Each structure stands twice: as structure tokens, then as C-alpha cells.
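Student: I have a structure here, written as C-alpha cells, and I will follow up with some questions on it.
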Amino acid sequence: MVKPTRVYVPDWICDTVLGPVRQSGAEVVRVPLGLDLLPIELPTPGEDELLLLLNAFGLAGQRVAAAAGLGSRLLVDATQALYQPPPSGCWGIASVRKFLGVPDGAMLWSPRAITAPSTSQEAVSTAHLVARAAGDPGALELYRRNEAALSTDYVGPSPASDNLLDRIDHAQVRARRLRNVRVLHDRLKAHNQLALPDEWPSGVVPLAYPFLPSPSLPHTALYARQIWAPCLWPERRDDAEAHPLTRRLARELLPLPCDQRYDAVHMHHIADVVCAAS
């Protein structure tokens, strides 16, 4: 589809995203981020180059809109902002399963017509979803097995995911996530080292609430209280070539859950635990 000679990418991003870039033979140029999780300086790609912008937790919407003029030279990673598609005429990718509790599936936005995949994911299991709903602590291992079994080929979602997606109330998902993240932001913004807006932007539907504490708070302190805040891209923690903030984010950032399974009571509990442990 796209074969650029050079791709500009945020320094803080999952190495999985870079796999296809490296396989294509394109040069990878890393762009450092600031405490607002936006590029410190936005590069302008040439005609045979590509800029990959991560819409981190939905907070890069204005920066993405400002880069819309790049057209097909812009690729928006909306993995953390599923409900914020890229501007028309630009590329975009997002993971459905990270937002909506389905076993597989992703979104692809294209600046031009492309042929839909003719085959579907086959090696897909819903066992981890059932185990999670039942409160089974083995759900995490089942999830990892399902992730390892997924194909990275250009295929459609499994029939199971297609069926589940047709039954999701997306308006309710957006509304509940937004309510939840606003509770966390109101409670924790004074303690957050990230440079986030005072008010959570209207319409932003994030994967999680990004919280950078000072002093650092071990992820295990939250796990002990049954709060799952994943370590995003720990492979960058000790990468000597990484920007200092990238290494800090990989070590210390707490993406606090705010998804549609929860309500304000859960959010206040999370905030209480974080404040007590800080």
C-alpha cells in the first residue's frame, strides 16, 4: 500500500508498530515527545516519506488536525483513541480489541479506495473474555495466548468479533469512558506530572487516563489492590538511544483504567488508592 523511504515516528511508541516499517526497509527517524505527549517539534515529511502521529490517549487531536494537509504522508495511530479517526485523506490505524472487549479486530482508514480483506482471523479464542467476566485470575494468561495466536496478515476480524461488534452500544461506551476519565482527572490532575489540559477535552474518548506520578509509584502497588495499569512499552526503559522522557514514561507512566466496565465509584476507588500510595 505505502512504501516510504523514511518514516518519522514518536520516540515513545510500541516496537510492534515499527515491525512493518523495518521490514519494508524504510529508515526510522524517532521524534521526541514533551510532557504533553506531543512531538516537541513536528517534522514535515517529503513526498516519499511518512509521518506517524500517535494520538496518545486522545490528546493529540488538534495536532493531528493541523497536520491534515500532509494527506497520504500522514499516518495516525489511534490505538489509544479509537473514536477519533484521522482527517479525511490520511492513513489511520486503531485496535478495536483494546477498547471494546472483542478477541481480535482493528480499524484501517485509507486516503484512497482499497480492497477489503477476503479472509478472516482463524486462530481466535474468546476464553479470556469469559474468564475475565467470571473474575478468573487466569484470564491474563489466556489473553496472552490469544494475542500470540493472532495473525498480522491483512485479514478481516473473526466472526466472533464481528458478531460482538454489531451488539455494542458505542454511544454508551463513549459516554461512560468520558465520565470516568473526567472523575480521574478532577481527582488526580494536581498530582499528575504530565502537562494535560485543566479540563478533559470534550469528545475525547481515551483508552485510559495517563498518570505520571512524582515520586514514582510502582505498578505493583496498584496490582496488589487489583487495579491493572499496564506498563506501556517496557522495552524502552533501558534503551540508551531513547529520549530521557521516553525512558521515564516506559518505567513510570500509569495508564489508569477508565473503560466502560466501570463507573464513578470505581474511579474514586482508583484515585483513593493512588493518592494513598503516593
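The values are calculated or read from the model by the stated rules, or taken from the named source; none is laboratory data. The model shown is predicted, which means the values in this text are computed figures rather than measured ones. Heads up, the Cβs are rebuilt from the backbone with ideal geometry, glycines too, and the neighbour counts pull from every protein chain shown.
Student: If you scan the range 76-132, which residues turn out to be surrounded by fewer than 19 Cβ atoms within 10 Å (Cβ to Cβ), assigned to a loop (DSSP other than H, G, I, E, B) and of a type in the set (A, V, I, L, M)?
Tutor: Passing the criteria: Ala113, Ile114, Ala116, Ala123.
Student: Determine if the range 203-221 includes at least one residue that is touching a Lys or Arg at 6+ places or on another chain (Cβ under 9 Å) and farther than 22 Å from Ala60 by Cβ.
Tutor: Yes, that holds for at least one residue.
Student: Suppose we keep only residues that are of a type in the set (Gly, Ala, Ser) and touching a Pro at 6+ places or on another chain (Cβ under 6 Å) within the range 72-117. Which one would you say is farthest from Trp12 (Cα to Cα)? So that I can check it myself, show each step before the final result.
Tutor: Going through the range 72-117, the residues of a type in the set (Gly, Ala, Ser) turn out to be 72, 78, 81, 88-89, 92, 94-95, 101, 105-106, 110, 113, 116.
Then keep just the ones that are touching a Pro at 6+ places or on another chain (Cβ under 6 Å); that gives 72, 89, 92, 105.
Working: Ser72: 23, Gly89: 25, Gly92: 18, Gly105: 23 Å.
Step by step, filter the range 72-117, then rank; the result is Gly89.
Student: Okay, next question. Being within 15 Å of the chain's Cα centre (by Cα), surrounded by fewer than 20 Cβ atoms within 10 Å (Cβ to Cβ) and either at pLDDT 95 or above or of a type outside the set (Asp, Glu) (or both) is true for just one of Pro230, Pro197, Pro218. Which residue is that? Show your work before the answer.
Tutor: Details: Pro197 fails: within 15 Å of the chain's Cα centre (by Cα); Pro218 fails: within 15 Å of the chain's Cα centre (by Cα).
The unique qualifying residue is Pro230.
Student: Next question. Would you mind telling me which numbered condition in (1) farther than 18 Å from Lys98 by Cα; (2) touching a strand residue (DSSP E or B) at 6+ places or on another chain (Cβ under 7 Å) Ile114 fails?
Tutor: Here Ile114 meets the rest and fails (2).
Student: Just give me the residues in the range 174-193 being out of contact with any Pro (no Cβ under 6 Å at 6 or more places or on another chain), surrounded by 18 or more Cβ atoms within 10 Å (Cβ to Cβ) and of a type in the set (A, V, I, L, M, F, W, C), in sequence order.
Tutor: Matches in the range 174-193: Leu178, Val183, Leu184, Leu188.
Student: Restricting to the range 40-75, and then to whatever is outside any loop (DSSP other than H, G, I, E, B) and of a type in the set (S, T, N, Q), can you tell me which residue is surrounded by the fewest Cβ atoms within 10 Å (Cβ to Cβ)? Step through it out loud before you land on a result.
Tutor: In the first step, residues of the range 40-75 are kept if they are outside any loop (DSSP other than H, G, I, E, B); the result is 49-54, 56-58, 61-66, 68-75.
Checking which are of a type in the set (S, T, N, Q) leaves us with 62, 72.
Details: Gln62: 10, Ser72: 16.
Among those that are outside any loop (DSSP other than H, G, I, E, B) and of a type in the set (S, T, N, Q), it is Gln62.
Student: Right, something else. Checking Ala221 against (1) in contact with a helix residue (DSSP H, G or I) (Cβ under 8 Å, 6 or more places away or on another chain); (2) touching a residue at least 60 places away in the same chain (Cβ under 8 Å): exactly one of these is not met. Which one?
Tutor: Ala221 satisfies all of (1) in contact with a helix residue (DSSP H, G or I) (Cβ under 8 Å, 6 or more places away or on another chain); (2) touching a residue at least 60 places away in the same chain (Cβ under 8 Å) except (2).
Student: Read through the list (1) touching a His at 6+ places or on another chain (Cβ under 8 Å); (2) at positive phi, then give the number of the only condition that Arg30 fails.
Tutor: Evaluating Arg30 over (1) touching a His at 6+ places or on another chain (Cβ under 8 Å); (2) at positive phi leaves (2) as the failure.
Student: Output the number of the condition that Tyr83 fails; it satisfies all remaining conditions of (1) aromatic (Phe, Trp, Tyr); (2) modelled with pLDDT under 90; (3) within 26 Å of Val205 (Cα to Cα).
Tutor: For Tyr83, the failing item is (2).
Student: State the number of residues belonging to the range 33-48 that are in contact with a helix residue (DSSP H, G or I) (Cβ under 8 Å, 6 or more places away or on another chain), within 10 Å of Leu194 (Cβ to Cβ) and not hydrophobic (A, V, I, L, M, F, W, C).
Tutor: 1
Student: Could you grab me the full set of residues in the range 182-206 that are of a type in the set (A, V, I, L, M), outside any helix (DSSP H, G or I) and out of contact with any Gly (no Cβ under 8 Å at 6 or more places or on another chain)? Reasoning before the result, please.
Tutor: Within the range 182-206, the first condition is being of a type in the set (A, V, I, L, M), and the residues that meet it are 183-184, 188, 190, 194-196, 204-205.
Still in the list and also outside any helix (DSSP H, G or I): 194-196, 204-205.
Passing the criteria: Leu194, Leu196.
Student: To continue, here is another question. Collect the residues in the range 244-271 that are outside any helix (DSSP H, G or I) and either touching a Phe, Trp or Tyr at 6+ places or on another chain (Cβ under 8 Å) or surrounded by fewer than 17 Cβ atoms within 10 Å (Cβ to Cβ) (or both), keeping them in residue-number order. Steps first, answer last, please.
Tutor: So the first thing to find is which residues in the range 244-271 are outside any helix (DSSP H, G or I), and the list is 253-263.
Residues satisfying the conditions are Leu253, Leu254, Pro255, Leu256, Pro257, Cys258, Asp259, Arg261, Asp263.
Student: Okay, moving on. Of (1) touching a Leu at 6+ places or on another chain (Cβ under 8 Å); (2) under 20 Å from Ala242 (Cα atoms), Phe57 satisfies all except one. Which?
Tutor: Single failed check for Phe57: (2).
Student: Which of the residues spanning the range 158-196 are in contact with a Lys or Arg (Cβ under 9 Å, 6 or more places away or on another chain) and either more than 21 Å from Ala229 (Cα to Cα) or without any contact (Cβ under 8 Å) to a residue 24 or more places away in the chain (or both)?
Tutor: Result: Ser161, single match.
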